[in-house]
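Taking it in order: structure first as structure tokens, then the write-up.
Just so you know, all these numbers are worked out from the coordinates, no wet-lab data involved. Remember, it's a predicted structure, so these values are computed and weren't measured experimentally. Cβ atoms come from the backbone with ideal geometry, glycine included; neighbour counts cover every protein chain shown.
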Amino acid sequence: MPRITAAGLAACLIFEWVCPAARAHAQAAEPFQVVPVDAPAPHRHAWAYAGMLGGAALVGSSFFFAHRADEAYDRYLVSTDPSAIDRLYDRAVHNDHLSQVSLLGGEALIATGLYLRFIRRPAAARLSLAVQPSRCAVSLRF
């Protein structure tokens with residue numbers, strides 16, 4: 001059985017060597033067609049950098065608000081006047097909320113700036129029409 005399999009395989013290889021695929025020699029003789037590649041248009045990343053800069057500013061301001069909240073809470077702990085206690089506690093909570101909002105907003109702006117700068121590709125024309133002999137007449141991109 002192995003001799004029959006080997007003989008059949010040898011016959012197939014000899015047949016492929018003698019009879020190449022249709023037009024294989026003619027296709028190999030032609031040089032490859034040169035396809036021109038258009039240079040990408042320069043894209044400015046001003047919005048991305050502005051978002052990252054604004055996000056960094058908001059993250060920095062969150063530390064300022066957290067410090068103000070800590071100071072108000074420390075004064076709340078040593079205060080003896082009931083109206084001052086309520087006012088200082090409300091101020092500490094308000095500054096703590098401002099700190100949280102500015103930190104989360106800053107992180108969101110930084111993430112958005114990074115997305116715009118490094119991940120998102122600029123929008124290209126989805127439908128283009130080119131009437132040239134070397135190009136398709138209509139091109140649709142997804």
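Residues in segment 43-74 that are closer than 26 Å to ILE119 by Cβ and buried (at least 16 other Cβ atoms within 10 Å of the Cβ): how many?
The qualifying residues number 8.
Give the number of residues within segment 92-114 that are under 14 Å from LEU53 (Cα atoms) and either of a type in the set (D, E, K, R) or in contact (Cβ under 8 Å) with a residue 60 or more places away in the chain (or both). Spell out how you get there, then give the answer.
Taking segment 92-114 and keeping what is under 14 Å from LEU53 (Cα atoms), we get 102-103, 105-114.
Then drop every residue that is not either of a type in the set (D, E, K, R) or in contact (Cβ under 8 Å) with a residue 60 or more places away in the chain (or both), which leaves 107, 112-114.
Going through segment 92-114 one residue at a time, the tally reaches 4.
Could you list all residues from segment 68-83 that are part of a helix (DSSP H, G or I), over 24 Å from LEU58 (Cα atoms) and touching a helix residue (DSSP H, G or I) at 6+ places or on another chain (Cβ under 8 Å)?
ARG75, TYR76, listed by residue number.
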